[in-house]
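Read through the structure below, which is laid out as C-alpha cells, and then see the notes.
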Number of protein chains: 2
Amino acid sequence: MASRPSLRSCENCPIRHNAVCAECDASELAVLERTKSYRTVPAGSPLATAGEPLEYLSSLVEGCATMSRTLEDGRRQTVGLLLPSDFIGRPGRKTSAYDIEAVSDVTLCRFERRTFERLVRETPHIATRMLTMTLDELDAARDWAVVLGRMTAREKVASFFVSLARRHATGSGQDQPARSVTLHLPLSREAMADHLGLTIETTSRQVTALRKDGLIEVPSAREVRIPDFERLALEAGEDDDGGLIA
Amino acid sequence: MASRPSLRSCENCPIRHNAVCAECDASELAVLERTKSYRTVPAGSPLATAGEPLEYLSSLVEGCATMSRTLEDGRRQTVGLLLPSDFIGRPGRKTSAYDIEAVSDVTLCRFERRTFERLVRETPHIATRMLTMTLDELDAARDWAVVLGRMTAREKVASFFVSLARRHATGSGQDQPARSVTLHLPLSREAMADHLGLTIETTSRQVTALRKDGLIEVPSAREVRIPDFERLALEAGEDDDGGLIA
DNA sequence: CGGTAGTTTGAGCCTCGTCAAGCTCCGTGG
DNA sequence: CCACGGAGCTTGACGAGGCTCAAACTACCG
C-alpha cells in the first residue's frame with residue numbers, strides 16, 4: 001500500500017507493462033516522464049464526479065476505485081471496478097460521465113488533459129494501446145451485462161469472486177488463477193451490492209450461503225479464500241474454459 | 001429496406017459520416033473502395049457465432065442486428081443493438097466474443113480482417129475514429145448496465161423506447177428527438193426481453209401498462225408512438241437533460 | 001467500556017418469473 | 001369465403017427470489 005521508493009521512474013513502475021504506456025519505447029517514456037505527475041488520495045475521496053469537469057487523465061498505479069452512477073432516489077450502480085493499470089477519464093471529453101471514488105488509498109499517474117490528448121494524437125504507441133485497452137473494457141462491460149441481466153444473486157456473487165481472482169492472477173503475470181486463492185476484497189458489502197445490482201442484505205446472505213456450501217471460506221469480512229477455483233467458476237455459470245457456458 | 005442504387009460509392013453511402021470511415025478524406029476513401037465488399041443477409045441469419053472465427057470485419061449499412069450471449073440453460077442476454085454505422089468485429093481478434101444475428105434484412109460493408117487491421121495501423125483517421133466509436137460504445141454499455149442492474153421492469157421498457165428514439169434522432173441528424181415520435185421496433189418482444197434482462201411476459205405487460213398510462217401508443221405490435229418524449233424519459237428515470245437523474 | 005460503522009440474520013412483502021391459456025394476425029388450402 | 005394452423009403477443013393465476021424493514025452481532029477505536 002505504501003508508495004514505492006522510486007515511483008518517478010517509468011522503468012520500475014509497477015504498471016509499466018499493462019497501462020496505457022505499455023507499448024511505449026524508451027524515448028516515448030522520456031516524454032511521459034516529463035509530463036506526468038503523481039497524486040495519492042485517501043480511501044473514500046472522489047476522483048471525479050459525474051457531469052463535472054475532469055482536468056487530469058490518469059492511470060491507476062496502486063489501490064482500487066469504483067466508477068458508478070447514482071439515481072436521484074439513491075439507487076446506485078457501479079459500472080466499473082478500477083484496479084492498477086486501469087485508465088481514468090476519456091480523451092476528447094471535458095467532463096466525467098461517472099462518479100469515480102477511491103475505495104482504498106490510491107496512487108494516480110496523471111497527465112493534464114490537453115497534454116494527454118496531444119500525446120494520443122502524436123504517439124501511435126499510445127493510441128494503439130488506448131484502443132486495445134478500450135476494446136478490452138468494452139468486452140468486460142458487456143460480459144458484466146450478462147451477469148447483471150441474467151444471473152441469480154448466488155451466481156452474481158460467485159461471478160464477482162471469480163472475476164476478482166482472474167484479475168488478481170493476470171495482474172501477477174499468470175494467465176489462470178491457481179486452484180486455490182485467497183483474495184483481499186477491495187469492496188465493502190455495500191460497494192459489492194452496488195456492483196452486482198443487489199442489496200447489501202442479499203449480497204451478505206449469498207456470501208454466507210456460498211460459505212456454508214464450502215465453495216468459499218471467509219476468514220474475515222474483507223477476505224475470501226477460494227479452495228477450488230473451478231468449482232466456484234461452475235457455480236458462476238461458466239464452463240471450464242472460462243467462457244460462459246455455451 | 002431495398003439497397004440504394006449506387007451503394008458502391010462511399011460518397012453517397014448512407015453511413016458515410018457516422019461509420020468507422022467518417023473521418024477519412026477522399027484519398028483514404030479510395031483505398032476503402034478498393035478493399036470493401038458488400039454483403040446482404042436475410043433477417044434471422046447469424047452474422048457471427050460466439051467463439052467461432054470471424055473472417056470479415058464490417059460496418060452495418062442497413063438493417064438491424066443483435067449481439068448476445070446465451071447460457072447453457074437457454075438464458076440469453078443481448079449486450080448490444082447494432083444499427084446503421086455500427087461496427088462488427090474486433091480488430092486484432094480472430095473470433096467473435098458474441099453471437100451476432102440479423103433481426104432484419106441487413107447490408108454489411110465488409111473488409112477482410114487482415115486487410116482492415118492493416119488499414120487501422122496505417123490510416124490514422126481510421127484509428128482515431130475507431131477509438132472514438134469504441135469509447136462511445138463503452139459509455140453506452142455502461143449506461144445500459146445501470147438499466148440492467150438497478151431499474152424496474154417498467155423503467156427498463158421505457159428506457160429502451162427512449163434510447164431507440166435517441167438513436168433514431170441522431171441517425172437522422174437531429175441531436176434531440178422531437179416531442180412526439182413514431183418508432184418502428186426492430187426487435188420482437190422476445191428480443192426486447194433478452195435486451196432488457198426480463199421475460200417476454202413481463203415485457204409485454206409493461207408495454208401494456210405504459211400504453212394504458214398514456215405514455216406510449218401501440219398502433220401495432222411492431223410500432224410505438226411516443227406522444228411526449230420528455231414525459232417518457234422521466235418515466236425511464238432520467239432528468240430533462242437526458243442524463244440519468246443525479 | 002460505550003459508540004459507531006459495517007455486517008449478518010430474521011420476518012414479511014412485492015415484483016417479476018413460471019406455467020398455462022387465449023388472442024390476433026396471416027398465410028394456406030379446402 | 002371460411003376453416004385451419006402456426007407464430008407472436010397478451011393476459012391470468014400463482015409462486016419464488018430478492019427487497020424492505022428491523023434487530024442483533026462484530027470489530028474497531030476513542
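The values are calculated or read from the model by the stated rules, or taken from the named source; none is laboratory data. Note that the structure is a prediction, hence the values are computed from the model and not measured. Cβ atoms come from the backbone with ideal geometry, glycine included; neighbour counts cover every protein chain shown. The area values use the complete protein model at the heavy-atom level, side chains included, leaving out ligands, DNA and RNA. Shrake-Rupley method; radii C 1.70, N 1.55, O 1.52, S 1.80 Å.
Observations
- What the phi angles of region A:86-99 give under the Karplus curve with 6.51, -1.76 and 1.60, with θ = phi - 60°, is a coupling list of 6, 9, 10, x, 10, x, x, 10, 7, 10, 8, 7, 9, 7 Hz, glycine and proline written as x.
- Length-normalised contact order for chain B - Cα pairs under 8 Å, 6+ apart - percent: 18 percent
- Bridge type composition, chain A - antiparallel percent by DSSP, nearest 5: 95 percent
- Note on A:Asp25 and A:Ser172: with the Förster distance fixed at 30 Å, the Cβ-Cβ geometry gives a FRET efficiency of about 0.75.
- Surface composition of region A:99-246: carbon plus sulfur atoms hold 48% of the accessible area, using a 1.4 angstrom probe and ignoring ligands, DNA and RNA.
- For B:Val79, the residues 5 or more places off, or on other chains, whose built amide H falls under 5 Å of its own are B:Met67, B:Ser68, B:Arg69.
- Cβ neighbours within 10 Å from other chains - mean over B:73-82: 4
- Sorted shortest first, the separations between the A:Thr202 label point and its copies elsewhere in the assembly read 0.9 nm; each point sits 7 Å from Cα along the Cα-to-Cβ line.
- Amide H within-cut-off set for A:Val181, under 5 Å, with H built and near neighbours excluded: A:Ile226
- Distant-in-sequence amide H partners of B:Ala50 (H built 1.01 Å from N, under 5 Å): B:Asp99, B:Ile100
- 10 Å Cβ neighbours from other chains, averaged over peptide B:106-114: 0
- Fluctuation leader among A:Glu223, A:Glu117, A:Glu155 - chain A, Gaussian network, Cα springs under 10 angstrom: A:Glu223
- 7 Å along Cα→Cβ, label-point gaps from A:Glu52 to other copies, nm, shortest first: 4.9
- Just checking the listed ones, A:Ala102, A:Ala48, A:Ala169: in the Gaussian network model of chain A with Cα springs under 10 Å, the one fluctuating most is A:Ala169.
- Shape category assigned to region A:57-125 from the gyration tensor of Cα positions, a/c cut at 1.5: oblate
- Inter-chain Cβ neighbour count for B:89-101, averaged per residue, equals 2 (cutoff 10 Å, partner chain atoms only).
- Long-range lysine pairs (8 or more apart or interchain), the protein assembly as shown, Cα under 19 Å: 4
- Cα gyration tensor shape for region B:130-246, rounded if a/c is under 1.5, else prolate or oblate: rounded
- B:Thr123 accessible area, 1.4 Å probe, all protein chains in place, Å² to nearest 10: 20 Å²
- GNM flexibility winner over chain A from A:Leu198, A:Leu138, A:Leu54 (Cα, springs under 10 Å): A:Leu138
- Annotation for B:Thr208 and B:Thr35: the two label points, set 7 Å from Cα along the Cα-Cβ direction, are 5.3 nm apart.
- Filtered GluC sites (Glu not before Pro), region A:1-98: DSSP coil and at most 14 other beta carbons within 10 Å: A:Glu55, A:Glu72
- Alpha-carbon centroid distance for the pair region B:1-72 / region A:100-117, whole angstrom: 37 Å
- Region A:10-142 - percent relative contact order, Cα under 8 Å, separation 6 or more: 34 percent
- Span-rule helices in chain A, defined as complete DSSP H runs reaching 30 Å or more along the axis (Cα) with Kyte mean at least -1.0: A:124-150
- Within region A:142-246, trypsin sites (Lys or Arg not before Pro) in DSSP loop having at most 13 other beta-carbon neighbours inside 10 Å: A:Arg179, A:Arg222
- Karplus (6.51, -1.76, 1.60) ³J(HN,Hα), θ = phi - 60°, over region A:49-54, in Hz, Gly and Pro reported as x: 10, 3, x, 8, x, 10
- Ellipticity estimate at 222 nm from DSSP helix runs (n ≥ 4, -39,500 (n - 2.57)) divided over chain B, nearest 500: -12000 deg cm²/dmol
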